[in-house]
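To keep things clear, I will list the structure first and then write my remarks on it.
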Amino acid sequence: MMLRRGFVLFLPRLVGLLVVACCSVSIVYMLTCTPRGDNQQLALPRVHSPTVKEGYEVILQEREEQHHNYIISLKKQIAQLKAELQGRSEQLKNVQDQYPESLHIRLDHTNPEKAQANLLAFLRSQIDKAEVHSGIKLSTEYAVVPFESFTLQKVYQLETGLTRHPEEKPVRKDKREELIEVIELAVGSLNNPEGDDNAKHRVYTASDFIEGIYRTEKDKGTLYELTFKGDTKHQFKKIVLFRPFGPVMKVKNENVNMADTLINVIVPLAKRASKFRQFMQNFREMGIHQDGRIHLTVVYFGKEQMNEVKSILENTSKSANFKNFTFIQLNEEFSRGKGLDVGARFWKGNNVVLFFCDVDIYFTAEFLNSCRLNTQPGKKVFYPVLFSQYNPSIIYGHHDSIPSLEQQLIIKKETGFWRDFGFGMTCQYRSDFINIGGFDLDIKGWGGEDVHLYRKYLHSNLIVIRTPVRGLFHLWHEKQCLDELTPEQYKMCMQSKAMNEASHGQLGMLVFKQEIETHLHRQKLSSKKT
């Protein structure tokens with residue numbers, strides 16, 4: 001009885017112990033086997049933990065998923081590139097169908113590499129069609145596509161209209177980015193010359209860029225010619241690029257050494273001794289002192305003021321120790337074409353660059369380098385568009401005094417204009433001038449002879465570089481149109497005279513001067529009454 005009562009009392013305790021034991025086992029099981037949370041999975045397990053193996057397996061699984069996602073992303077990008085290549089191939093196919101003569105081979109659209117090669121062949125065919133390697137015969141002077149010039153900061157352009165300026169910063173984003181891209185590509189080409197990997201080279205930057213010219217042939221592409229500083233003062237680097245309505249393609253990379261390239265400046269003259277004195281001041285500073293590779297040929301007509309002109313030459317020769325000049329005197333009526341022709345043919349030395357100049361021209365040393373860089377015997381002649389100065393007495397009429405000549409020579413819409421109807425100032429090698437036949441000596445007096453020579457070059461296979469330049473100015477002087485001129489010459493003379501005086505706005509102010517003064521007078525009376 002006593003034993004049975006003891007067993008009944010012990011049984012609840014035993015059940016309680018079993019329950020506690022089961023709970024403990026459950027808790028241990030849950031702590032060991034329950035999956036970890038996200039934050040715990042990112043942490044490395046402790047070295048002495050019993051779950052080190054499982055932790056590393058989880059991390060490896062995560063890395064595998066990341067790489068898998070990266071591969072999927074790359075496959076998507078490859079698919080997009082293939083689709084884009086297919087689209088480009090379709091575009092090229094349409095071009096080929098429209099112009100079957102552009103490529104001599106059909107595109108294989110199932111072979112992307114062959115399609116890309118054919119695309120490159122098509123783009124190179126655009127270079128061959130454009131006026132890059134040789135000139136194209138043109139019918140008239142109006143058919144030529146002029147270049148525009150640019151520096152790092154400015155663009156010098158012909159087509160200005162009434163809102164744009166002859167010299168301005170490129171405002172349009174596409175034009176600005178276009179020129180920046182071309183300069184960067186040229187710098188990259190200079191720093192990575194082909195076929196000379198082991199040689200050491202200087203590092204070129206955009207600050208080495210001097211100037212460039214460019215023009216667009218609407219059906220072919222855009223040609224760029226960029227000039228950079230070379231290793232010495234008289235050495236330059238020239239990069240030619242072409243954008244055939246697609247990627248820019250390098251045409252050539254050449255060294256240009258102008259240290260021994262002489263320029264013969266030929267000036268026809270009759271009377272005008274005071275103007276010649278002003279010209280010689282410019283010639284002495286820019287030609288003799290700054291450039292130093294220059295010869296002067298003066299072809300003088302008649303005898304009036306001749307001794308004064310010769311005295312100016314001799315004084316310059318003595319003071320500047322300058323012996324490279326020739327004086328030719330002709331006892332006949334003035335003819336600009338005859339004077340330039342005689343001066344060019346008189347030269348007996350090696351082939352030389354001829355710069356046909358007038359006594360009322362101002363040039364800089366930078367222009368003389370442009371004259372050299374844009375001429376090449378048997379290939380290129382240079383027809384710069386100079387900046388023509390307006391009448392200073394009109395431009396600065398509201399000032400206390402007229403500024404000095406150097407201060408007047410700024411390129412602005414209010415101070416002058418690009419003289420794009422003039423073809424008198426030109427640079428070419430003597431051999432090209434002789435081979436083309438020189439000037440038409442039947443033309444007398446002023447005008448006409450320069451256009452005739454210009455047309456000869458356009459009708460040849462030579463490349464004519466026509467571009468505005470920032471270092472060549474036509475100084476204002478009162479123009480006299482003589483009765484002896486032919487009707488055509490007289491018309492050209494009067495056109496030049498009208499263009500020379502002032503800008504559109506300034507001439508308008510002169511025309512309406514009385515009306516403006518009347519308005520101001522009325523304004524004063526009105527203010528007094530009030």
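Remarks
- Residue-span extension gain [residue 442 to residue 461] - 0.36 nm each, minus C-alpha spacing: 4.3 nm
- Extension gain (nm, one decimal) between residue 516 and residue 259, 0.36 nm per residue minus Cα-Cα: 86.8 nm
- Taking 0.36 nm per residue of sequence separation and removing the Cα-Cα distance, the residue 252/residue 64 pair yields an extension gain of 62.7 nm.
- Legend: calculated FRET efficiency, residue 78 to residue 117, from the Cβ-Cβ distance at R0 = 22 Å, rounded to 0.05, equals 0.60.
- Derived scalar couplings between HN and Hα for the stretch 119-135 equal 4, 5, 5, 5, 5, 5, 5, 5, 5, 5, 6, 6, 8, 10, 8, 8, x Hz in order, rounded to whole Hz, by the Karplus curve 6.51 cos²θ - 1.76 cosθ + 1.60 (θ = phi - 60°), x for Gly and Pro.
- Cβ-Cβ distance of residue 176 and residue 219, R₀ of 30 Å, FRET efficiency by 1/(1 + (r/R0)^6): the value works out to about 0.75.
- Per-residue SASA entry for residue 174, accessible area with 1.4 Å probe, Å² rounded to 10: 80
- Annotation: per residue accessible area for the stretch 263-477 equals 39 Å², rounded to a whole number [probe 1.4 Å, protein chains only].
- Residues with amide H under 5 Å from that of residue 301, placed H, sequence gap 5 or more: 269, 270, 271, 330
- The stretch 286-346, accessible surface, carbon-and-sulfur percent (1.4 angstrom probe): 45
- Each peptide in 297-307, 261-271 gets a packing score, the mean of other Cβ atoms within 10 Å over its residues, and the list from highest to lowest is 261-271, 297-307.
- Accessible area expressed per residue, the stretch 115-196, with surrounding protein chains retained (probe 1.4 Å, Å²): 58
- Of the residues 415, 278, 263, the one whose Cα sits farthest towards the positive end of the charge dipole of the stretch 263-477 is 263 (charges of +1 on Lys and Arg Cβ, -1 on Asp and Glu Cβ, taken about the Cα centre).
- Residues in the stretch 458-472 that a label on residue 290 would reach, taking backbone N under 17 Å of a point 7 Å out along Cα→Cβ: 469-472
- Accessible surface of the stretch 374-530 [probe 1.4 Å, protein heavy atoms]: carbon and sulfur percent: 55
- Pairs from the list 154/250; 250/456; 169/513 with a Cα-Cα gap above 26 Å: 250/456; 169/513.
The values are calculated or read from the model by the stated rules, or taken from the named source; none is laboratory data. Bear in mind that the values here come from a model prediction, so they are computed numbers and not experimental data. Don't worry about glycine lacking a Cβ; one is built from the backbone with ideal geometry, like all the others, and counts go over all protein chains shown. Just the protein is used for accessible areas: all its heavy atoms, side chains included, with ligands, DNA and RNA removed. Shrake-Rupley method; radii C 1.70, N 1.55, O 1.52, S 1.80 Å.
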